[in-house]
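Notes for the one structure printed next.
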Amino acid sequence: MNKDFISALRLRLQSPQKAVIIPHKNPDGDALGSTLAWMHFLNLEKHEAVVVSPNDYPKFLNWLPGQDQILIHNEEEELVQRKIDEATLIFTLDFNALVRIDKLGELVSMAQADIVMIDHHEAPENFAALMYSDTHMSSTCEMIYHLITALNPNAITPEIASCLYTGIMTDTGSFRYPSTTATTHKAIANLIENGADGTSIHQKIYDSSSFNRLKLLGIALSNLNRIENLPIVFITLSQQELNSCDYQKGDTEGFVNYGLSLEGVKFSTIMIENQKEGKIKMSFRSKGSFSVNEFARTYFQGGGHINAAGGMSTDSMSKTVEQFKNATTEISSKF
Ligand code: 5GP
Ligand code: MN
């Protein structure tokens, strides 16, 4: 961790602060785990901290300690505006560009408060007064772990430990991805010693599917397609298919990874229609050196990490599939 960052932050935290902490839109385990852990820490250190999410979050995260205090921007706009106006510090966690927080981005860019960014995505934008960016980190939760232990080694409560364990676990695919290091495991060991229950967290996240979610997974797998002569597969889910299984936020989480479980496959994509927003949301995952971050940036207005990224298209599903196939032809020499 950058010494200048930590000393600048330490200095700011010497006086009581009013902090707003923001995860990216459609927050995942890492985004919510890191923001909530940081909220707990700041509150314990006698600051006044609140988490503001751009929109709602999936049911499999609605047990995280402190989640009941989260303000949802698109449901409570006035209250959120007031919190931003009153804030002395705004922390942006687990995202690299203000477009990732939708309309909340305008409020943040106009706010008086200084912005502190903590994130592990590639190519961070330059919108923060203070920045802790490390693209080698497994997760923003691992960064928050290092930050908290640097500021106060005795501050990890069971609540903080559970939040941080969750984000490290989900962003590493349960400690499988190459971003998982010995340091990650040491952090996890310390979190367990401080009250995180790994078995129970795994069950809450991964063994909490509804019947409909598994039916939807069945449809997704039957829609699995292969790109001829390339180690690439993709899945589509139309709005109609989602409706037929009473789709709930978070239900498609993890589906894209099934593509990568095929022997030899190095790049897997899922395209999910969202009729209300008039777009197809895309998730990209890869194994090895093929950068889906670059692919998402080049072809689908997105970004992320080397092996996990997202993007979108405002065209129809059939056109999006066509564009995807054309894009795979252009990058075929990389395999
Ligand atoms: P997911 O496919 O799970 O939505 O996202 C995978 C990774 O890519 C996450 O780290 C997420 O933050 C990032 N990501 C997803 N969608 C976008 C996007 O539209 N733009 C950018 N820059 N990153 C994204
Ligand atoms: Mn993350």
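The values are calculated or read from the model by the stated rules, or taken from the named source; none is laboratory data. Because the structure is a prediction, the values reported are computed rather than measured. Here the Cβ is made from the backbone with ideal geometry for all residues, glycine too, and neighbour counts use every protein chain on show. In case anyone asks, the SASA skips ligands and DNA or RNA and just uses the protein heavy atoms, side chains included. Shrake-Rupley method; radii C 1.70, N 1.55, O 1.52, S 1.80 Å.
The number of residues in segment 45-71 being open to solvent by less than 10 Å² (accessible area, probe 1.4 Å), within 11 Å of residue 23 (Cα to Cα) and aliphatic (A, V, I, L, M) comes to 2. Scanning segment 259-315 for residues that are aliphatic (A, V, I, L, M), more than 20 Å from the chain's Cα centre (by Cα) and open to solvent by less than 20 Å² (accessible area, probe 1.4 Å) yields a count of 1.
Filtering segment 167-215 to residues that are within 24 Å of residue 24 (Cα to Cα) and acidic (Asp, Glu) leaves only 171. Quick one: in segment 255-277, which of the residues that are in a loop (DSSP other than H, G, I, E, B) and in contact (Cβ under 8 Å) with a residue 24 or more places away in the chain is nearest to ligand 2 (Cβ to nearest atom)? Going through the qualifying residues, I end up with 256. Scanning segment 128-162 for residues that are among the β-branched types (Val, Ile, Thr), closer than 15 Å to residue 172 by Cα and surrounded by fewer than 23 Cβ atoms within 10 Å (Cβ to Cβ) yields one hit, 135. The set of residues from segment 158-196 being out of contact with any Cys (no Cβ under 8 Å at 6 or more places or on another chain), of a type in the set (A, V, I, L, M) and within 16 Å of ligand 1 (Cβ to nearest atom) comprises just one member, 169.
Can you say whether residue 199 is more than 15 Å from ligand 1 (Cβ to nearest atom), in contact with a His (Cβ under 9 Å, 6 or more places away or on another chain) and under 30 Å from residue 155 (Cα atoms), as far as the supplied structure shows?
Numbers: more than 15 Å from ligand 1 (Cβ to nearest atom): yes; in contact with a His (Cβ under 9 Å, 6 or more places away or on another chain): no; under 30 Å from residue 155 (Cα atoms): yes.
No: the conditions fail for residue 199.
None of 310, 250 is assigned to a strand (DSSP E or B), of a type in the set (Gly, Ala, Ser) and under 17 Å from residue 27 (Cα atoms) except 310. In this structure, does residue 36 turn out to be open to solvent by less than 10 Å² (accessible area, probe 1.4 Å) and away from ligand 1 (no atom under 16 Å from the Cβ)? Criteria met by residue 36.
Results for (1) polar (S, T, N, Q); (2) closer than 28 Å to residue 184 by Cα; (3) more than 16 Å from ligand 2 (Cβ to nearest atom); (4) part of a loop (DSSP other than H, G, I, E, B), shown as yes or no for each residue.
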| residue | (1), (2), (3), (4) |
| --- | --- |
| 74 | yes, no, yes, yes |
| 78 | no, no, yes, no |
| 82 | no, no, yes, no |
| 85 | no, no, yes, no |
| 92 | yes, yes, no, no |
| 100 | no, yes, no, no |
| 109 | yes, no, yes, no |
| 121 | no, yes, no, yes |
| 138 | yes, yes, no, yes |
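Of the residues making up segment 24-56, those that are more than 14 Å from ligand 2 (Cβ to nearest atom), outside any strand (DSSP E or B) and not aliphatic (A, V, I, L, M) are 40, 41, 43, 45, 46, 47, 54, 55, 56. What residue, of 179, 162, 174, is part of a loop (DSSP other than H, G, I, E, B), in contact (Cβ under 8 Å) with a residue 40 or more places away in the chain and not β-branched (Val, Ile, Thr)? From the options 179, 162, 174, the qualifying one is 179.
Which residue out of 189, 196, 182 is open to solvent by less than 30 Å² (accessible area, probe 1.4 Å) and over 26 Å from residue 281 (Cβ atoms)?
Numbers: 189 fails: open to solvent by less than 30 Å² (accessible area, probe 1.4 Å); 182 fails: open to solvent by less than 30 Å² (accessible area, probe 1.4 Å).
After applying the criteria, what remains is 196.
Restricting attention to segment 95-112, the residues that are open to solvent by 10 Å² or more (accessible area, probe 1.4 Å) and of a type outside the set (Asp, Glu) add up to 11.
Examine segment 278-286 for a residue that is of a type outside the set (Lys, Arg), at pLDDT 95 or above and not in a strand (DSSP E or B), and state whether such a residue exists.
Of segment 278-286, the ones of a type outside the set (Lys, Arg) are 278, 280, 282-284, 286.
If we keep only those that are at pLDDT 95 or above as well, we get 278, 280, 282-284, 286.
After this cut, where a residue has to be not in a strand (DSSP E or B) as well, the list is 278.
Looking through segment 278-286, at least one residue is of a type outside the set (Lys, Arg), at pLDDT 95 or above and not in a strand (DSSP E or B).
Taking the criterion of being open to solvent by 50 Å² or more (accessible area, probe 1.4 Å) and in a loop (DSSP other than H, G, I, E, B), the residues of segment 211-231 that qualify are 224, 228, 229. Taking the criterion of being within 15 Å of ligand 2 (Cβ to nearest atom), not in a helix (DSSP H, G or I) and not polar (S, T, N, Q), would at least one residue in segment 191-205 satisfy it? No - not one qualifying residue is present in segment 191-205.
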